């Protein structure tokens, strides 16, 4: 692949003079500005170049709603009643109401768990937290009151069973969050640099030269640092596809959690019956086949791990495909004998999963994201960047999301559930502070104290998207009825001239601006005049 160099003047046409640019056909392989090279052959181009503003508006709505509710709860004014610390939001239709309520609940749950996990890791210090103690430490860091998670918060007996159910659910959620982060608008703790996943036994094994003598000649001749790096990259690859052998992730345990949470827990902390089982991965040495198990991770010399091992930087000399495959097979077998991996057979395939006891979690400084050398390679002075907003969200705002929950209020909800939500929203906003309603707001909701009623008698309200009234009026007034050349002329106008706001603040404030160019249709004669021509004398 050879780049095609050409000149790019300000006018846009190619010419010998101007800024020298190079056109490379194919996938986006590297970025000179970020100093990153993408190693994966098959990767999502959208994930390489996407920015936060290209994602859906549900994430923005959840962030705004949570910020408003946190601000309402933080108002220190004796004249501001507790029943007014809630938010009522209208959306376009019933489907959007259900979508937004579920999105907000997932957002609040994930942020609370990750924030509590970081606080627990910070408190543990350099020793970190073992996966066996994950549920206990994270539950302690959450500091939830019984009213935030229990079905019967005022019960005199049975609180220990409820707390045990909460710890089990938190352990399950925290273990599932160890897989590779895929949300662009909600990166995990690893991507924000607040979590370091370590494997201390692999580091100790790499320093014992005699243990590697019979594993593979390349591994035996490698330095302890190279062996530790290869072992860490391999175990990271298994963990990120959730190829983890842990009691909390088994299908039987998830079924038990569904029953236990249904009987003991309420709100965000229940495991719904519709939630699928965790997609456990399985690392299989060799190339893939058509009848491969679900979520299988095949490790061979031609895969991402094999290509990384074949680079001269690993062993000092480039490896062939077969040599890289032999190194992977020998390393998997050796780590299995050292109790770092567990051998599993599924659908006739024998593979490996990471022993959860080999994982230790530690707090990170939040300066750079976790490295992923199999997919991205950075220059020496560059590291994976961290989005400060999400880092600060886990550091500062996660604790304030405790008790926040949303529900939809539409005609698709059963009448008894709808009435219960109206009661909680009207009299106990601590348990249900956010309600998403369809435009009709079936059965009605008591909105006497909705929003932030301050001394100036103002209320908060949120719309999921701004409506450019002049543009809509122009479109509905007959743009479709115009002639073709007039439609093209109207569509070619800048967004500001068609009524769309140029700045975000103009979408919800300031005077209304009409389009500079109005669209109009030819005047049509009244109906009685048109009919008059059809009547013969």
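Of all residues in the range 364-409, exactly one satisfies the criterion of being part of a strand (DSSP E or B), crowded, with 21+ Cβ neighbours inside 10 Å and within 20 Å of the chain's Cα centre (by Cα), namely 406.
The single condition among (1) more than 25 Å from the chain's Cα centre (by Cα); (2) on the phi > 0 side of the Ramachandran plot that residue 220 does not satisfy is (2).
Every residue in the range 153-180 that is crowded, with 21+ Cβ neighbours inside 10 Å and assigned to a loop (DSSP other than H, G, I, E, B), please. Across the range 153-180, the qualifying residue is only 178. Only one of the numbered conditions (1) closer than 21 Å to residue 113 by Cβ; (2) modelled with pLDDT of 90 or more is violated by residue 388, and that is (2).
The values are calculated or read from the model by the stated rules, or taken from the named source; none is laboratory data. Small disclaimer: the values here were computed from a predicted structure and weren't measured. We place every Cβ from the backbone using ideal geometry, glycine too, and count neighbours over all the protein chains shown.
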